[in-house]
Amino acid sequence: MRVAVIGTGYVGLVVGACLAETGNDVVGADVDAAKIAKLQENELPIYEPGLGEIVERNQQQERLAFTTDVPSAIAGAEVVFIAVGTPPDEDGSCDLTHVLAVAELIGMHMTREIVIVTKSTVPVGTTARVWEVVGRHAKYTFHLCSNPEFLKEGAAVNDFMRPDRVVLGVESDHARSVMTELYAPFVRVGKPIIFMDIRSAELTKYAANAMLATRISFMNEMAAICEQVGANVDLVRKGIGSDQRIGPAFLFPGPGYGGSCFPKDVKALLCTAESLQRPLRVMQAVHEANERQKHRLFELLAEAFQGDLEGKRIAVWGLAFKPQTDDMRDAPALVLINDLLGAGVSVVAHDPVALREAKHRLGDAIDYATSSYDALTGADALVVVTDWNEYRNPDFRRIKQALKRPLIIDGRSLYERQKLAGLGIEYISIGRPRLAPLPEAATPALAEFGRPVPIVAAADSSGVGQTGRVPPRREPERPRRPQKRQPSVAPSTISAA
Ligand code: NAD
């Protein structure tokens, strides 16, 4: 089938490459000339495991081409996917400018009967607006399909090739049969294509992301309770996740959800609900809890330094909003870095693939390290933000040696508390009881169990224990490097919190 994919970002590129891989003739079109030039040279503008090989193979075999000439891509296609960005508008609602601009071009340049697929995440009713805009110009019959995308960045190729399900909102037999043919190779193992009306398909995408975001904010709040009462969120998670009605996925507490989808889709859904005068109270709370959670790592650090952060140097491991991607859109690391810079801290960061993106966003506001251990030299403490594989089993003795104060704040609960206590490392993770570090000479038996640290004092409404004085935070803006000062000497013992 001859397919045009308009927009070659994270989604459009994966969709186009995977459709070419299954034998279709695909043209990926984008207004970003630099991006297209790179793609024509088989250079990926994003980091996505496995995608480079597919792009290269299919370009070589002439099933995949890239162009900035959007009208010509449309003119040659039987199926046109709209996969352009739908960023949040100032009020959080979904900005449809790009989608509707492409709809206009489709209406003007189609040369035969086509199926138009909205792949971008769009509020209910958008596909109907696309219909209207295309219809103003169209000289041929056209059919609409809403086909929300559920891929996860970092596992996008696998998710597209082996989806849990394909959701297709169609309202004509032609669209149904064309889309069934296109997706047949991806559902051969028996995963379903779920057909529905267009509005239900549009809403399904928001409902899915809203549910996932809810689980994350729920667990972050459970983790905060665990910290207060001395319970362990790991055990609570296992205890509830084994219930079939709940299931184990998406129950890990952390520094808050980020990325290009959850934050913007939750906000867009809230806006839709507000415009309908049907407020979504649960989702409002999920959003607010997440906004607070993004400051949690900074608060834990400030507490550990008893509010005395000014002049310190902090190493940050992980900048991307999750592992296996270089995407930093709405990444929790950005909020942490902004808080740190606002408190007069100098920051040195490492990420296996997101450094280029980080430099683009943060410029010289922070220092960058090309190896995770280089980031530690001269740093007062380490904060782990993203759970990249290479951070999972590091050389703790080397970390301890490099840091001025052997303190790790772990936003992803990657490490064994007993092991770190045994090594004399102060270790603070989210939702798990803390163990006081033992002197290195401690017996192995003692080292294995560590000593429990007394339960933290009751938190105030900001979630900070009363034992910690937290310096003021700045509202998000483009971060600036703090004035250079002589770092003060860090206290050598952890506070009771
Ligand atoms: P992106 O920003 O990475 O890519 C969008 C691309 O569209 C850019 O390359 C941009 O240059 C191009 N573009 C914008 N206007 C255009 C126009 N008029 N003509 C041609 N190209 C144009 O965005 P993305 O992450 O790929 O997301 C695309 C859509 O898919 C969004 O609606 C998003 O919510 C949705 N989505 C994203 C993901 C994800 O994980 N990234 C997952 C599911 C759904």
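Ranked by the mean number of other Cβ atoms within 10 Å of their residues, highest first, the peptides 281-288, 144-151 come out as 144-151, 281-288.
Taken over the Cα atoms of the chain, the convex hull encloses 155 Å³ per residue. Grouping the Cα pair distances of region 113-169 into 10 Å bins from zero gives a pair-distance distribution of 21, 43, 25, 11, 0 percent in increasing distance order.
For region 275-344 versus region 104-164, the inter-centroid distance based on Cα atoms is 34 Å. Note on Lys35: lysines with a C-alpha under 30 Å away, same-chain residues under 8 apart excluded, are Lys119, Lys152, Lys205, Lys264, Lys267, Lys322, Lys359. Give me the net charge of Val187's neighbourhood, meaning all other residues with Cβ under 11 Å from the Cβ of Val187; Lys, Arg count +1, Asp, Glu -1. After counting each charged neighbour, the total is +3. For the chain, DSSP calls about 10 percent of its internal beta bridges antiparallel. Counting every other Cβ atom within 10 Å of each residue's Cβ, Tyr427, Tyr391 order from fewest to most as Tyr391, Tyr427.
Across region 294-452, the relative contact order, built from alpha-carbon pairs under 8 Å that are at least six residues apart, equals 19 percent.
Computed over neighbours whose Cβ is under 12 Å from that of Lys359, the net charge equals -3, Lys and Arg +1, Asp and Glu -1. When the alpha carbon gyration tensor of region 311-453 is reduced to an equivalent ellipsoid, the three semi-axes, largest first, read 28, 15, 13 Å. DSSP assigns beta bridges within region 2-196; of those with both partners inside it, close to 10 percent run antiparallel. Ser260 sits among other residues whose Cβ lies under 10 Å from its own Cβ, and their net charge, with Lys and Arg +1 and Asp and Glu -1, is -2.
Cβ-to-Cβ counts within 10 Å put Trp131, Trp388, Trp317 in ascending order as Trp131, Trp388, Trp317, the fewest first. For region 206-291, the calculated P(r), taken from all Cα-Cα distances in 5 Å bins from zero up to the bin holding the longest distance, is 3, 15, 24, 21, 17, 12, 7, 2, 0 percent. Counting only lysines at least 8 places from Lys400 when in the same chain, those with an alpha carbon closer than 19 Å to its own are Lys312, Lys419. Remark: region 206-291 carries a charge dipole of roughly 240 debye about the Cα centre, counting +1 on each Lys and Arg Cβ and -1 on each Asp and Glu Cβ. By the count of neighbouring beta-carbon atoms within 10 Å, fewest first, Cys261, Cys18 end up ordered Cys18, Cys261. Its Cα gyration tensor gives region 1-139 an equivalent ellipsoid. The semi-axes, each the square root of 5 times an eigenvalue, are 24, 18, 12 Å from largest down. Just to be sure I understand: of the beta bridges DSSP finds with both ends in region 294-452, what percent are antiparallel, rounded to 5? That works out to approximately 10 percent antiparallel.
Close amide H pairs (under 5 Å, H built 1.01 Å from N) link Asp387 with no residue at least 5 positions away or on another chain. Residue-wise HN-Hα couplings along region 260-266, as the Karplus relation 6.51 cos²θ - 1.76 cosθ + 1.60 with θ = phi - 60° gives them from phi, are 7, 10, 3, x, 6, 6, 4 Hz; Gly and Pro carry x.
Compared with the dominant principal axis of the Cα atoms in the chain, helix 126-137 is inclined by about 40°. The mean sequence distance of close C-alpha pairs (under 8 Å, at least 6 residues apart), as a share of the length of the chain, puts its relative contact order at 12 percent.
In the chain, the calculated helix contribution to ellipticity at 222 nm averages -11500 deg cm²/dmol per residue, counting -39,500 (n - 2.57) for every DSSP H run with n ≥ 4. Rounded to two decimals, the Cα radius of gyration of region 1-40 over 2.2 N^0.38 Å is 1.08.
Backbone geometry of region 103-111 corresponds, through the Karplus equation with coefficients 6.51, -1.76 and 1.60 at θ = phi - 60°, to 3J(HN,Hα) couplings of 4, 4, 5, 4, x, 7, 10, 5, 10 Hz, x marking Gly and Pro. Across region 283-300, rounded Karplus estimates of 3J(HN,Hα) from the backbone phi angles (6.51 cos²θ - 1.76 cosθ + 1.60, θ = phi - 60°) give 5, 4, 5, 4, 4, 5, 4, 5, 4, 5, 4, 5, 9, 5, 5, 4, 5, 5 Hz, Gly and Pro being marked x.
Since every read-out is calculated from the coordinates, none of them should be taken as a lab result. Owing to the predicted nature of the structure, the values given are computational and were not obtained by experimental measurement. Backbone-built Cβ (ideal geometry, glycine too); neighbour counts: all protein chains shown.
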